[in-house]
Every structure is written in C-alpha cells, then in structure tokens.
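Here the structure comes first, spelled out in structure tokens, and everything after it is commentary.
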Amino acid sequence: MAPDRQVSRRRSSRARTTTIPGSRKDGYRAGTGVWLVVGGKAGRAAARVGPGDDAQQAPLSRLRGAAVEADARRVGAVVSWLCVAALTSLVVALFVAGADKNSEITQLRRQGVPVEVTVSSCLGLMGGSGSNVAGYSCKGSFTHDGHRYRTQLPGTALHPRGFKLRAVAVVDDPGLVSTPAAVASEHPSTTVFILPGLLSLVLALAVGILVRKTPRLWASSGKSPVALN
C-alpha cells in the first residue's frame, strides 16, 4: 500500500501545479500574455502563453504603424503651410519692390532737377569668389538752392575723387539720383508685376489644395490643426 500512496501523492502534487487561466490566484501578468503557475511541494514554476496572444499583438502593431503614418502626414501638412507662408512673403516683397521701382521712375521724371555731383570717395565691391572686384560704390555731394546734399552715385563705375558727374536728383529725396540717360529711357511699366503675378497663381493653387486636404487629415486623427499639442 505504501508505493500506491506515494504515486497518488505525486499525481496530486502535479495536479496542483496546473491552474485554470483567468483565476485570480494564478500569476497572470496583464499585457504580457504569460501565465505564471506556482504549485507543488518543490515550488516549481510553469509558464505558458495564453490563447489568442498572436491575434492580439498583430492588430496593435498595425495600429501603431497607422499612427506613425498619420503623424508623418500631419508633419508634411505643417511643412506645406510653412512653405505657403514663405511664398506669400516673397510675393508681397516682389509686389512692393515693383511698386517702389515705378514710383522712383515717376518721381525722377516729374520732380527731378539737373544737378552736378562731385565725387568724394569710391569703394570696391568684391565678387562672389572674393578674389576680384565686381564694381565700385561711389559717394558724392551736390548743391541746390544754397543747400548741400550728400548722395550715392548711380551705377558701379569708378570715378576719381573730385570728378564732376551730371545727374538728375529729387530734392525732396536726395538719395534718389540717376543719370539723365537712364531717366530718359526708363518708364513705369507693369512688367515688374509679371513674376509676382505668376507666383500668386501658384500660391492660390497651393492654398486651395491644402485647404481641401488638411481638414480631412486632422479629422481622421481626431485633432484640430490649431491644437498641435
């Protein structure tokens, strides 16, 4: 009878090492899919993977990949809007520069008076490589109605100190000086607005595309374009 009792005890000990998954007394670790079962006199530990773990982990990986893709799209949308802002600034600057150019030509033709500018100094302008001189920036002064004005000479030619240069100047704006030949040949023109006009069309097209796509992108992520955080 003694051997039978020992066999039954071993069987009962092994039976206690098996627990039913889902019991609160077992060692299930949430999120790991592993059941830790401790039992028996020897205190041995057994572990097995819960059913359906592969099916649970695959959707999670796919969801994380979709989230990363959505984040990349949102970053791309933000970068696109920044490019639109930069293009807007460029278009505005070109329009302002064109308007200023036409305004200067108009002032010189209407308000310009002939003056004689005396060259006082010239400074060399270095080229792109820095090894050669691309031109010269000369300064001078002229007198009109008993008043002496200092100004920047037009062009990049080198003039000796004390050289007398005939020019056309606007007395109300002494910095606006040009040569008689340039004033006679230049006229206000709308061609200065061709480039900013073309860029405006590109800007309008880009804004239209982004306005249509951006709300859909942020709606799919449940966030608004304003609340980036």
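Nothing in this text is a laboratory measurement; each read-out follows from the coordinates by a stated rule. Since this is a predicted model, take the numbers as computed values, not measurements. Counting neighbours? That spans all protein chains shown, and the Cβs are built from the backbone with ideal geometry, glycine included.
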*Dipole of region 75-216, positive end: most advanced residue of GLY98, THR88, ILE194 [Cβ charges, Cα centre]*: THR88
*asked:* Please compute one quarter of the surface area of the Cα convex hull for region 75-216 and express it in square nanometres.
replied: 12.5
*Sequence-distant or interchain residues sharing an amide H contact under 5 Å with VAL171, placed H: which?*
VAL113
*Hey, what did region 89-159 get for relative contact order, percent, Cα under 8 Å, at least 6 apart?*
23
*Once you have the Cα-Cα distance between ALA182 and HIS147, take 0.36 nm times their residue separation minus that, and quote the gain in nm to one decimal.*
10.1 nm
*Under a 5 Å amide H to amide H cut-off, with H placed in plane at 1.01 Å, what residues pair with HIS144 once short-range neighbours are removed?*
TYR149
